[in-house]
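Encoded as structure tokens, the structure appears first; notes follow it.
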Amino acid sequence: MSHSPSPSSILQTAFGFWNSKVLLTAVEVRLFTKLGDRCLTGTELCQILQFHPRANPDFFDALVAMKFLDRHGDGPHATYSNTPEGTIFLDESSPRYIGGLLVMLNSRLFKFWNDLPEALRTGQPQNEIKHGQKGMFEELYSEPARLEQFLGAMTGISRINFEAFAEKFDFSKFRTLCDVGGATGILSIEVAKRHPHLQCTSFDLPVVEPIAKKHIAAAGVAHRVTTASGDFFKDLLPKADLITMGMILHDWNLERKMQLIRSAYQALPPGGALVAIEALIDDARRENVQGLLMSLNMLIEFGDAFDYSGADFRQWCREVGFTRFEVIHLAGPSSAAIAYK
């Protein structure tokens with residue numbers, strides 16, 4: 001028997017920004033960090049967060065219903081605590097904290113996405129540039145303190161994929177790795193921890209190098225992970241058996257993407273490989289919602305930048321001279337697209 005059409009999925013998606021704003025606000029006010037390992041009543045949380053009493057219990061119970069907080073008991077004497085996920089990923093004291101990215105979503109992208117219709121009509125960015133300010137990267141790289149905060153936020157969300165890559169990819173045939181756009185060095189760090197035969201280099205702009213050195217030293221792998229600085233559009237890439245680009249290619253238009261792929265090809269020896277880690281869109285463009293939404297976010301941020309599929313990556317790399325290809329799923333919507341020279 002066929003089922004009658006239902007509007008439930010339409011309504012769930014249409015009202016999705018309600019859920020999003022509640023979670024983003026909770027991170028913005030540092031609820032999960034201030035709660036820590038304690039159990040507190042709604043009244044106590046309102047006092048700590050400087051909320052009006054009207055916020056209690058609706059705001060906290062909404063987070064319970066969305067499975068971001070646990071509640072013990074009912075009524076005014078009930079207490080709230082972090083879920084295991086909240087403790088690991090949303091408490092700033094955790095080394096696996098990803099809340100920095102959520103803060104950025106709340107402070108920047110939430111309002112920029114309101115202008116998606118204009119982006120679709122014009123093909124132009126809808127971020128700070130639209131309002132006569134510096135672009136995101138230009139602004140970030142002019143303020144080292146803010147840059148380090150941003151890189152830390154990206155490290156939290158990238159770590160899961162880089163750990164999966166370090167576990168799933170066969171590194172046995174390679175001796176050197178260069179991570180292009182290496183930021184804090186997190187990809188090189190995770191690979192070096194698991195594969196002691198590899199020497200890794202984290203390559204990024206000069207302003208990033210001191211930040212990477214600090215993270216590499218803290219991870220205890222400075223003897224096998226070094227840094228190199230330069231502009232990957234102006235300078236030759238360091239030569240290595242394996243060149244990785246984590247969430248780099250999607251930031252650029254096709255011309256720039258091809259420039260980076262050619263630079264990687266030139267820096268690799270025969271048998272070497274280029275690895276692009278992204279929220280790779282499925283070849284049929286029907287399944288990976290996050291990858292497709294990320295591509296729309298590139299429109300919001302940069303205009304002509306876009307995400308891509310494994311088939312796109314193969315086509316571009318084949319044009320440059322790569323001969324063999326594979327895709328390895330990593331975590332969630334993300335995969336590693338690999339091209340062998």
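The values are calculated or read from the model by the stated rules, or taken from the named source; none is laboratory data. Since the structure is predicted, the reported quantities are computational estimates derived from the model, not experimental observations. FYI the Cβ positions are ideal-geometry reconstructions off the backbone, even for glycines, and counts take in every protein chain you see. Just the protein is used for accessible areas: all its heavy atoms, side chains included, with ligands, DNA and RNA removed. Shrake-Rupley method; radii C 1.70, N 1.55, O 1.52, S 1.80 Å.
If you plug the beta carbon distance of Glu287 and Ala55 into 1/(1 + (r/R0)^6) with R0 = 45 Å, you get a FRET efficiency near 0.70.
Which net charge results for the neighbourhood of Phe169, defined as the other residues with beta-carbon distances under 12 angstrom from its beta-carbon, given Lys and Arg at +1 and Asp and Glu at -1?
Net local charge, Phe169 excluded: -2.
Within the range 168-211, the ratio Rg/Rh, alpha carbon atoms throughout and Rh by Kirkwood, equals 1.00. Can you pull the percent of the chain's accessible area that's carbon plus sulfur, 1.4 Å probe, other chains left in place? About 57 percent, which is the carbon plus sulfur part of the accessible surface. When only Cα pairs under 8 Å and 6 or more residues apart are kept, what is the percent relative contact order across the chain? That works out to 12 percent. Measuring nothing but how far apart in sequence close Cα pairs (under 8 Å, 6+ apart) lie, relative to its length, the range 1-106 scores a relative contact order of 29 percent. For the chain, the longest principal axis of the alpha carbon atoms and the long axis of helix 144-168 meet at an angle near 70°. Each listed q (0.20, 0.29, 0.32 Å⁻¹) maps to a log10 I(q)/I(0) for the range 76-129, found by the Debye formula over equal Cα scatterers with no solvent: -0.76, -1.05, -1.14. The base-10 log of I(q)/I(0) for the range 88-177, evaluated at q = 0.12, 0.17, 0.23 Å⁻¹, reads -0.57, -0.90, -1.12 [Debye formula, identical scatterers on Cα atoms, solvent excluded]. With viscosity set to 1.306 mPa s at 10 °C, what whole-number translational diffusion coefficient in µm²/s follows for the range 130-209 from Stokes-Einstein and a Kirkwood radius over Cα pairs? Rounded to a whole number, D works out at 114 µm²/s. Look at (i) 21.9; (ii) 25.2; (iii) 20.5: the one that is Kirkwood radius over Cα pairs in Å derived from this structure is (i). Put a dot 7 Å past the Cα of Ala65, heading toward its Cβ, do the same for Tyr340, and the two dots end up 5.3 nm apart. Using a cut-off of 25 Å between Cα atoms, the listed pairs Lys193/Lys213; Lys111/Lys134; Lys67/Lys130; Lys34/Lys214 include Lys67/Lys130; Lys34/Lys214 as exceeding that distance.
Report the percentage of all Cα-Cα pairs in the range 216-341 whose separation exceeds 18 Å, rounded to a whole percent. Considering the range 216-341, 55 percent of its Cα-Cα pairs are separated by more than 18 Å.
Kirkwood hydrodynamic radius for the range 1-87: how many Å is it when counted over pairs of different Cα atoms? By the Kirkwood definition, the hydrodynamic radius is 14.1 Å. The charge dipole of the chain, taken about the Cα centre with unit charges on the Cβ atoms of Lys, Arg (+1) and Asp, Glu (-1), comes to about 540 debye, rounded to the nearest 20. Taking every protein chain into account, the accessible area of the chain amounts to 50 square angstrom per residue (probe 1.4 Å).
Against the chain, whose longest principal axis comes from its Cα atoms, helix 209-218 is set at around 70 degrees. Divide by every residue of the chain the summed helix terms, -39500 (n - 2.57) for each DSSP H run of at least 4, and state the resulting mean residue ellipticity at 222 nm, rounded to the nearest 500 deg cm²/dmol. Rounded to the nearest 500, it is -12500 deg cm²/dmol.
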